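Presented below is the structure to which this report refers.
The values are calculated or read from the model by the stated rules, or taken from the named source; none is laboratory data. Note that the coordinates shown come from a computational prediction; the quantities given were computed from them, not determined experimentally. Using ideal geometry, Cβ is built from the backbone for each residue, glycine included, and neighbour counts are taken over all protein chains shown.
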Amino acid sequence: MMFDKSAQSGRDFPALPNDLHVAVIMDGNGRWASNRGWPRLVGHRKGAEQVRKLVEACPELGIRYLTLYAFSTENWKRSTEEVLGLMSLFARYIRREAGRMKREGVRLRFIGDRTRLDDNLQVLIQWIETETAGNDRVHLSVALNYGGRDEITRATRAMAQDVVAGKLSGDDICDAVLSRYLDTRDLPDPDLVVRTSGETRVSNFLLWQAAYAEYVFIPTLWPDFTPVTMQGILKDFAQRERRFGGVSA
């Protein structure tokens with residue numbers, strides 16, 4: 001791996017949090033391809049290669065939880081060709097990477113509303129989640145047909161149904177209870193959210209979970225993002241003081 005492993009020892013910068021959770025808004029695939037006169041889907045395929053490289057590097061980078069924003073609830077507005085191409089790419093990624101993830105201890109989850117996805121893709125998602133359920137080295141979550149507002153709406157609806165059914169008391173509802181109804185119920189909140197391509201929006205991503213996350217916005221387009229890029233971001237992150245609403249000691 002082409003990055004400085006000694007940086008993870010604590011000699012170059014303060015130690016990273018245990019069970020570090022990094023979330024990434026992978027932006028710029030289409031722009032990367034268009035800048036080269038290529039179809040947008042070429043950029044998405046290149047972006048998928050960078051996902052594999054980053055996931056492989058996670059243990060050495062000190063990342064145990066990695067959540068990637070792959071397709072939002074708003075991305076259906078894109079051309080039919082691009083949407084279908086992306087769905088095919090997701091299916092190919094699952095099939096191609098299944099063996100590697102099982103060998104390397106990667107647990108793959110998908111978050112988002114699956115009901116709009118093609119039946120075959122839904123079956124593949126359920127299959128790979130089951131196949132990798134016992135892995136614990138890296139927890140990879142892919143946000144597919146995901147939107148933060150949609151997630152909170154679905155969670156609220158489910159809570160209301162449980163209240164009506166007598167399974168939950170309205171007086172017991174608090175932030176901890178709501179969190180148990182979210183797609184990320186089995187994941188820690190993200191410590192760091194990275195967005196590539198120079199855009200400085202959160203774009204409806206992990207709105208509840210990232211309440212106290214640190215944010216980094218970089219100009220690099222996702223297909224040019226490497227483990228070395230992530231290492232530099234983590235070096236900066238490790239030196240930030242996170243007070244969670246408190247004051248400095």
Quiz item: For Thr184, are the conditions met, namely being within 17 Å of His139 (Cβ to Cβ), crowded, with 19+ Cβ neighbours inside 10 Å and in contact (Cβ under 8 Å) with a residue 24 or more places away in the chain?
Solution: yes
Practice problem: Search the range 115-133 for residues that are without any contact (Cβ under 8 Å) to a residue 60 or more places away in the chain and pair each with any residue that is part of a loop (DSSP other than H, G, I, E, B) when their beta-carbon atoms are under 9 Å apart and the residues are at least 6 apart or on different chains. | Solution: Arg116/Thr73; Ile125/Leu117; Thr132/Gly105
Quiz item: Before we move on, is Glu241 farther than 17 Å from Ile111 by Cα, acidic (Asp, Glu) and touching an Asp or Glu at 6+ places or on another chain (Cβ under 6 Å)?
Solution: no
Self-check item: Qualifying residue in the range 84-91 (condition: under 29 Å from Asp186 (Cα atoms), aromatic (Phe, Trp, Tyr) and touching a residue at least 60 places away in the same chain (Cβ under 8 Å))
Solution: no
Quiz item: If you go through the range 231-245 one residue at a time, do you hit one that is acidic (Asp, Glu), modelled with pLDDT under 95, part of a loop (DSSP other than H, G, I, E, B) and more than 16 Å from the chain's Cα centre (by Cα)?
Solution: yes
Quiz item: How many of the residues in the range 49-77 are outside any strand (DSSP E or B), touching a Gly at 6+ places or on another chain (Cβ under 8 Å) and crowded, with 20+ Cβ neighbours inside 10 Å?
Solution: 0
Quiz prompt | Yes/no for Phe237 being touching a residue at least 12 places away in the same chain (Cβ under 8 Å), of a type outside the set (A, V, I, L, M), closer than 21 Å to Leu140 by Cβ and out of contact with any Phe, Trp or Tyr (no Cβ under 7 Å at 6 or more places or on another chain) | solution = yes
